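Inspection log for the structure reproduced underneath, given as structure tokens.
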Amino acid sequence: MAKQYTTINDIAHAAGVSKTTVSRYLNGHFERMSEQTRQKIAQIIEETGYQANSQAQALSHRQSHLIGMVVADIENIFSSLLFKGADQVLAAADYSIMLMNANNSATLERRQLERLIKLRVDGVILQPSLMNADTYQLLADAQVPTIIVDRKVTPAKWPQVVTDNQGYSKLLVDYAARQGFQQVVVLSEAINANSARLERLAGVQAAAKEHDLTVHQVEITRDEPTGSIYAKLAQVPDWLNGRTVIYAFKGTLLTRLMETLAEFNVQIPKEVGVMAFDDWDWAKLMSPQITTIQQDPQQLGQVAAKTSSPCSTTRRSRLRPWSIPRLWFESRYS
């Protein structure tokens, strides 16, 4: 009787019951079902090795126990740790997570979201590439529970798990001012591209106004050659005067900056100071050590996953925006 693919119809025929009865058994609804019928169905299932079709069950129950996660750049260790944190929580809650890479492309990001919607995921955790919430209206239209992580969208249609970028950025520049720095050079990729960079810049500007500091913005691409980075920095007036601090807006840029300064024999902190947001705890291995604000992307991912799982209606109705008050900050200049 056994087949390679046994169906509910096969089970029902062998047990001499209706397909509905077998379906009720598989879903744990034993009321109005005799003990003899239950045992007979159980025996046939064991003999045939029948396994329920998870996709079919998802369609009937409207629950897949699958969460989709779309990150901006899978090559960035920040995104990898974000995923790790979410996966830890979801696995413990008996949910699977499907990781999608937007590769810093709004077009690819939309395609990935469309794929997740077609897969009928129970929820989406999104590290958005764009700030306009209307861009993600497809999620609202499909009624997919969504959590925004790391970067904000406006207006805030969904819960957002983010760091206090502006507050910590101001704290960092406040410290630089107390150390005697008079000029801040912000090193970033396109600042207007996402909310985190804009908020960090706002923190710089607030501190600069308070301490009467001069601020310069230097924007580079993710693959900018070191020679080009140095040339852009060299356009800042009198930047190697010992009173200028370069503020890298993320860890990958700190790496590129340190490569550039080493290649052109710029001395830290004698000629220029260096500080950064988000360094993954490796800046303390440098000589001299670098002052940083360190996020905890793994914790961000954990909180986002706890907010999205389990995806019950009651839990979703109680969601509120979150902020991660994680700060690692200390003096590291010699």
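The values are calculated or read from the model by the stated rules, or taken from the named source; none is laboratory data. Here the structure is a predicted model, which is why all the values come from computation and not from measurement. In this analysis, Cβ positions are derived from the backbone assuming ideal geometry, glycine residues included, and neighbour counts consider all displayed protein chains. Keep in mind that these areas ignore ligands, DNA and RNA; they rest on the heavy atoms of the full protein, side chains included. Shrake-Rupley method; radii C 1.70, N 1.55, O 1.52, S 1.80 Å.
The table that follows gives values for the structure above.
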{"item": "Positive-end residue of V121, Q179, A207, charge dipole of region 119-209 with Cβ unit charges", "result": "Q179"}
{"item": "Additional length obtainable on full extension of the chain from T255 to D223, 0.36 nm per residue less Cα span", "result": "10.3 nm"}
{"item": "Note, ³J(HN,Hα) from phi for region 116-131, Karplus 6.51, -1.76, 1.60, rounded to Hz, x at Gly and Pro", "result": "5, 4, 5, 7, 6, 5, 6, x, 10, 10, 10, 9, x, 8, 10, 9"}
{"item": "Fraction of accessible area attributable to carbon and sulfur, region 68-123 (%, probe 1.4 Å)", "result": "48"}
{"item": "³J(HN,Hα) computed for each position of region 272-278 - Karplus, 6.51 cos²θ - 1.76 cosθ + 1.60, integer Hz, glycine/proline x", "result": "7, x, 9, 8, 7, 9, 6"}
{"item": "Mean Cβ count within 10 Å, highest first, over the residues of peptides 291-297, 101-107", "result": "291-297, 101-107"}
{"item": "Solvent accessible area, Å² - D238, 1.4 Å probe, full protein context", "result": "110"}
